[in-house]
Amino acid sequence: MKLKDLEIFVVGNRPPGWGGRYFIFVKLVTDTGIVGYGEVYAAAIGPRAMEVVIRDVFERHMAGENPENVEMMFRRCYSSGFTQRPDPTVMGAFSGMEMACWDILGKKHKRPIYALLGGLMNPRIRSYTYLYPLPHHDINSFWSSPEMTAECAIEMVRLGFTALKFDPAGPYTLRGGHQPAMTDIAKSVEFCRAIRAAVGNKADLLFGTHGQFTTDGAIRLGQMLEEFNPLWFEEPIPPDNLLEFAKVAQAVRIPIATGERLTTKAEFGTLLRTGGASILQPALGRSGGILETKKIAAIAEIFNAQIAPHLYAGPIEWAANIQLAANIPNLLMVETIQTGGSFHLELIKHSIKWDKGFIQAPTAPGLGIEFDEDLARANPYLGNGLHLEMQEEQCDYANGNNFLGGAPPVLD
């Protein structure tokens, strides 16, 4: 059996855009006719340029190869161009196609992927969601409203979620780490207080940031949140200086979680060795794929760290996250777009089952999903914006900052 053909789907997400502006799905076909699907979560270049990268990686390193040889294909990509270091764009392209290889192998052997990785550890997988606006909320006002967010938290707990994420401490600026404005610190405290009062001990609070603070700025903010006992303080500083995470971890009495922008065990290993995080959040469409992330999880076991796969993408990465989550012993939980996301679930014909805060480990072969190619083709992304983008304006220390949520519109 050899890899023969590649098809790429760049699918425009539907408003309001939870999960990003678009999703990049890949379809691999073997010379025996078995089809596998994957998802690429690497968005540092535009979607048309990323298509070229994906095709080059496939033709250069994967075409004609037996899909069983995941390790060899990984090493080709990791070493491509005499690099042997994490390259998020190349690794993103490979990660999506690596998922597709596992999907093929599962279908060939008529087993879910987790059965090929060591078997089932977690038949019920705890999931969490961001707090998104409810239908009656004003979508722009929501992100600055503790009251609306607390109302949403109550509804999510009613549905069955036992962990809730929110990130009121923006902005995310390309200028790198900054000191938080006093207004942002005050707003963060207000959000934590309102949500904790609303849900009590029925749900863990997951405080999200996106690498926007300096080391001491993150410490200032984190120490103000300690009284609300969040389960984690997410990516408090930029991911390009892994050694600084340890300083935050030592100074703040909240577990540090990070990893959505990290690639391969090389970067995660550095984080673990320095004590920079105890909760790792790999995005399987960027981290190197399923096998590489299984290795990351195994390394994390040595450091008594847990895995909470990240998801701000489409449903195929979600499916890959779930396969890994079903297998590893040090799983904490997986991220979910609400209870699966309306468009997300349509794209996979509702083949992942979410129930009262938990996901049932799939039993169907491969990724355990049925991908709707017709729906994907009917919703092409025609713009040129990136999946997510950071703002150029600096933090506003005089007038406050307002985060607009997931994937605000751009003029393409």
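What are the residue pairs meeting all of these: first residue in the range 317-343, first residue touching a residue at least 60 places away in the same chain (Cβ under 8 Å), second residue charged (D, E, K, R) and crowded, with 24+ Cβ neighbours inside 10 Å, Cβ atoms under 7 Å, and 6 or more apart or on different chains?
Sorted first by the residue in the range 317-343, then by its partner, the pairs are E317/E39.
For residues that are modelled with pLDDT of 95 or more and β-branched (V, I, T), scanning just the range 185-242, find the one that is nearest to E260 (Cα to Cα).
I237
Per-residue answers, yes or no, for (1) buried (at least 22 other Cβ atoms within 10 Å of the Cβ); (2) closer than 26 Å to L242 by Cα; (3) not acidic (D, E):
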residue: T149; (1), (2), (3): yes, no, yes
residue: G160; (1), (2), (3): no, no, yes
residue: R175; (1), (2), (3): no, yes, yes
residue: T183; (1), (2), (3): no, no, yes
residue: A186; (1), (2), (3): no, no, yes
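Can you tell me which residue within the range 118-147, out of those that are in contact with a Leu (Cβ under 9 Å, 6 or more places away or on another chain) and in a strand (DSSP E or B), is surrounded by the fewest Cβ atoms within 10 Å (Cβ to Cβ)? Give the derivation first.
The first filter runs over the range 118-147 and keeps only residues in contact with a Leu (Cβ under 9 Å, 6 or more places away or on another chain), leaving 121-122, 125-126, 128-131, 139-140, 142-143.
Next cut, in a strand (DSSP E or B) only: 125-126, 128-130.
Working: I125: 22, R126: 19, Y128: 22, T129: 24, Y130: 21.
Among them, the one singled out is R126.
Answer with yes or no whether W354 is aromatic (F, W, Y), surrounded by 24 or more Cβ atoms within 10 Å (Cβ to Cβ), within 23 Å of G20 (Cα to Cα) and modelled with pLDDT of 95 or more.
no
Report whether or not F207 is aromatic (F, W, Y) and surrounded by fewer than 24 Cβ atoms within 10 Å (Cβ to Cβ).
So F207 does not fit the description; no.
Yes or no, residue by residue, for (1) small (G, A, S); (2) under 22 Å from M333 (Cα atoms); (3) touching a His at 6+ places or on another chain (Cβ under 9 Å):
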position	(1), (2), (3)
L134	no, no, no
N140	no, no, no
E147	no, no, no
L159	no, yes, no
T162	no, yes, no
D167	no, yes, yes
P171	no, no, yes
G177	yes, no, no
A181	yes, no, no
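Is it the case that some residue within the range 52-67 is touching a residue at least 24 places away in the same chain (Cβ under 8 Å), touching a Pro at 6+ places or on another chain (Cβ under 6 Å) and buried (at least 18 other Cβ atoms within 10 Å of the Cβ)?
no
Of everything in the range 177-195 that's in contact with a helix residue (DSSP H, G or I) (Cβ under 6 Å, 6 or more places away or on another chain) and in a loop (DSSP other than H, G, I, E, B), which residue is farthest from N402 (Cα to Cα)?
Start the filter on the range 177-195 by keeping residues that are in contact with a helix residue (DSSP H, G or I) (Cβ under 6 Å, 6 or more places away or on another chain), which leaves 179-180, 185, 189-192, 194-195.
Filter once more, keeping what is in a loop (DSSP other than H, G, I, E, B): 179-180.
Numbers: Q179: 16, P180: 13 Å.
The extreme case among them is Q179.
Pick from L221, L243: which is crowded, with 20+ Cβ neighbours inside 10 Å and either in contact (Cβ under 8 Å) with a residue 40 or more places away in the chain or assigned to a helix (DSSP H, G or I) (or both)?
L221
What number of residues within the range 82-137 are out of contact with any helix residue (DSSP H, G or I) (no Cβ under 8 Å at 6 or more places or on another chain) and at positive phi?
Matching residues across the range 82-137 total 2.
State the number of residues belonging to the range 253-294 that are without any contact (Cβ under 8 Å) to a residue 60 or more places away in the chain and among the polar types (S, T, N, Q).
Qualifying residue count for the region: 6.
The values are calculated or read from the model by the stated rules, or taken from the named source; none is laboratory data. What you are looking at is a predicted structure, and each value in this text was computed from that prediction instead of being measured. Here Cβ is always computed from backbone atoms with ideal geometry, including for glycine, and neighbour counts include all displayed protein chains.
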